[in-house]
Amino acid sequence: MPRGNLIQIRRGSKSEWTSADPILSSGEIGFESDTYRLKVGNGSDSWTELDYIGSKEDLLRVKNSSGSSIQKSQAVYFNGYDTYDDVPTIAPYISDNTISEKLFAGLISDYTSDGDYAFVVSFGMINSIDTTGATSNIASGNETWNSGDILYVSPHEHGKLTKIKPQKNIILVGIIIHANSSGCILVRSSISPRFSQLNEVHFEFLSNDHIVKYNSDTSHWSNSSELDGGTI
């Protein structure tokens, strides 16, 4: 079948688009040739300010306000809000009980310098990262990772991941789909709730040797130092 007029849209690699950061005209389409993603211009926002169209990931545009660079696929949390650009700000997260797990945001999609913008992935694929467990931007280097391993936020280093389930502040971030020096992670964040955050549980002034008792009058569980008779 003979081809008529050929229509081609603006295209380039992700790094080329990010480096040039052009402002697309209203309705103008731009194509990332290495990620197969599209953006549509509005005549005012630059390329890095536009959202992807029909993205296969759950992405949130954020700003790095950590004071240092954040490496691709590191774990981050919400630490504030930029009122000028109307975006949340983020910094590397550590699961050591110093930062509430409720502030966990996801994994950063790309290397981001301090003060720059990026996307946080809460669900979807992150490709072209070292998923072997060797020393890298996301691993401490004391583990061997394999395809199918579940990854958690590390309790030892900010931003890093581990396949060893932490004792507390448990945040499952995803699954290694391909263990390789240029592998990929399926991000699927899940935060294990604390006992005190469960429905019908109400704790006050917790102390050592407290027990948990159910109160049928209030229909909830609470902590107590009394056994109400009997022994344990």
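The values are calculated or read from the model by the stated rules, or taken from the named source; none is laboratory data. Computed from a predicted model, the values in this text were never measured in an experiment. All Cβ positions, even for glycine, are placed from backbone atoms using ideal geometry, and neighbour counts span all protein chains on display.
A few points about this structure:
- Failed item in (1) touching a Leu at 6+ places or on another chain (Cβ under 9 Å); (2) small (G, A, S); (3) closer than 26 Å to S181 by Cα, with G41 passing the rest: (3)
- Single match in I108, I94, I138 (criterion: within 13 Å of the chain's Cα centre (by Cα), in contact (Cβ under 8 Å) with a residue 60 or more places away in the chain and under 26 Å from Y36 (Cβ atoms)): I138
- Of the criteria (1) modelled with pLDDT of 95 or more; (2) surrounded by fewer than 14 Cβ atoms within 10 Å (Cβ to Cβ), which one L161 fails: (2)
- Annotation: S196 fulfils all but one of (1) surrounded by 15 or more Cβ atoms within 10 Å (Cβ to Cβ); (2) modelled with pLDDT under 85; the unmet one is (1).
- Selection status of V76, of a type in the set (V, I, T), out of contact with any helix residue (DSSP H, G or I) (no Cβ under 6 Å at 6 or more places or on another chain) and surrounded by 21 or more Cβ atoms within 10 Å (Cβ to Cβ): yes
- When residues in the range 22-35 are screened for being under 24 Å from the mean Cα position of the chain (by Cα) and of a type outside the set (S, T, Y), 2 of them pass.
- Counting residues in the range 152-159 that are aliphatic (A, V, I, L, M) and under 24 Å from V121 (Cβ atoms) gives one or more.
- Counting only strands (runs of 3 or more DSSP E) that sit completely within the range 107-206, those holding 1 or more residues that are aromatic (F, W, Y) and within 29 Å of P88 (Cα to Cα) correspond to 117-129, 150-153.
- Among residues of the range 129-158 being exposed (fewer than 13 other Cβ atoms within 10 Å of the Cβ) and small (G, A, S), the one that is modelled with the lowest pLDDT is G141.
- Cross-chain or 6+ apart pairs with Cβ under 6 Å, the range 197-218 first and closer than 22 Å to E101 by Cβ, then polar (S, T, N, Q) and at pLDDT 80 or above: H202/S222
- Unmet criterion (only one of (1) surrounded by fewer than 19 Cβ atoms within 10 Å (Cβ to Cβ); (2) acidic (D, E); (3) free of Cβ contacts under 8 Å to residues at least 24 places away in the same chain) for D21: (3)
- The residue of the range 79-102 that is nearest to E157 (Cα to Cα), among those that are surrounded by 15 or more Cβ atoms within 10 Å (Cβ to Cβ) and touching a Lys or Arg at 6+ places or on another chain (Cβ under 6 Å), is T89.
- Qualifying residue in the range 53-61 (condition: of a type in the set (S, T, N, Q) and in contact with a helix residue (DSSP H, G or I) (Cβ under 9 Å, 6 or more places away or on another chain)): no
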